[in-house]
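These notes concern the structure reproduced below.
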Amino acid sequence: MNKELIRTVIIDDEEHCRFTITEIIKKFCPNLKIVSQGNSVESGIKIIDSLKPDLVFLDIHLDDGDGFEILQNISFKNFEVVFTTAHDNFALKAIEFSALHYLLKPISAKDLINATERFQNTRNKNIQEEKINLLQESLTKTPEKIILPTYEGFQIIKLETVIYCEASDKYAIFHLIDKTSVVISKSLNDVEKTLQDLSFVRIHHSYIVNLKYITSYEKGKGGSVSLTNGKKLEISFRRKQLFIDKLKKYVTHF
């Protein structure tokens with residue numbers, strides 16, 4: 001068998017979805033080889049542990065459970081997951097924290113091709129099991145870590161070490177408490193969607209701050225905040241009230 005072929009498994013309880021993914025792969029992804037398909041949690045576990053694939057297209061909702069149960073019960077975890085789902089905000093949030101991929105149904109050829117290209121460009125077997133472990137953590141409790149996609153691959157950081165995030169064209173920069181920074185291949189809008197339910201708030205089109213590291217707030221049309229690292233950041237007028245409301249909720253916990 002060609003060693004360059006990516007051994008692929010499809011787990012979905014809807015036959016038409018399996019058919020759609022199969023046809024797109026056959027037409028547009030010649031380097032993917034479908035080695036098996038399953039339609040349940042039970043079959044998914046058996047297939048993954050026995051065949052040890054490189055890539056798995058995994059439906060979140062299955063007739064006998066969900067895709068996360070498969071990940072919790074398999075022994076082999078050295079593969080990449082692309083989740084498929086009609087709609088599940090909570091699950092998608094956890095997926096974003098773990099830097100895994102997902103496709104929204106109905107699945108389009110363009111989206112599937114993009115997902116497989118991202119997988120190939122960022123493929124790193126040394127971190128695939130860590131992604132799955134972080135996903136499981138994010139599903140059961142408030143996440144403590146996040147996997148950041150960088151130019152070189154991925155970097156795992158603790159969320160409590162992030163002071164603020166800054167926009168940089170189509171990228172975002174995470175500024176950390178040890179005075180280092182991490183440039184990631186996602187926009188600040190993407191970062192906002194992932195962090196908005198935690199102790200982070202968007203104060204400006206260029207900044208997201210961790211409320212934990214604010215030392216003072218200065219009034220003004222929008223105002224500004226000072227951070228523990230000595231940085232002073234402007235707050236845009238239209239984001240001022242959201243910032244104040246979230247800061248009040250955060251402070252009342254201490």
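Here, each number is a calculation from the coordinates, and none is a lab measurement. What you see is a predicted model; the values in this text were computed from it and never measured. Cβ placement follows ideal geometry from the backbone for every residue including glycine, while neighbour counts extend to all protein chains displayed.
Need the C-alpha centroid separation for the stretch 130-191 versus the stretch 29-49, integer Å. Here the two parts' Cα centres lie 30 Å apart.
Tally the DSSP beta bridges in the stretch 25-164 and give the antiparallel ones as a percent, rounded to 5. Don't skip to the end; give the middle numbers.
Values: 7 of 16 bridges.
That works out to approximately 45 percent antiparallel.
Applying a threshold of 19 Å to the alpha-carbon distances of K77/K158; K179/K232; K145/K186 flags K77/K158 as lying beyond it. Loop-located chymotrypsin sites (Phe, Trp or Tyr not before Pro) in the stretch 84-181 (DSSP state other than H, G, I, E, B) with a sparse environment of at most 16 neighbouring Cβ atoms within 10 Å: Y151. Rounded to the nearest 10 degrees, the angle from helix 240-251 to the longest Cα principal axis of the chain is 80 degrees. Each DSSP beta bridge with both residues in the chain is either parallel or antiparallel, and the antiparallel ones are about 60%.
The angle between the Cα long axis of helix 109-122 and the longest principal axis of the Cα atoms of the chain comes to about 70 degrees, rounded to the nearest 10. For the chain, the Kirkwood radius over C-alpha pairs fed into Stokes-Einstein at 25 °C and 0.890 mPa s yields D = 124 µm² per second.
Based only on the alpha carbon positions, what is the Kirkwood hydrodynamic radius of the stretch 13-120, in angstrom? Over the stretch 13-120, the inverse of the mean reciprocal pair distance is 14.1 Å.
Computed on the stretch 122-227, with alpha-carbon pairs under 8 angstrom and 6+ residues apart, the relative contact order is 17 percent.
Near K33, the amide H atoms lying under 5 Å from its own belong to I6, R7, T8; only residues 5 or more places off or on other chains count, and H is placed 1.01 Å from N.
Computed from Cα atoms, the angle from the helix 41-51 axis to the main principal axis of the chain rounds to 80 degrees.
Would you mind calculating the relative contact order of the stretch 6-140 from Cα pairs under 8 angstrom and at least 6 residues apart, reporting the percent as a whole number?
On the way: 206 pairs, mean separation 30.9, N = 135.
With pairs under 8 Å counted, the relative contact order is 23 percent.
Computed on the chain, with alpha-carbon pairs under 8 angstrom and 6+ residues apart, the relative contact order is 10 percent.
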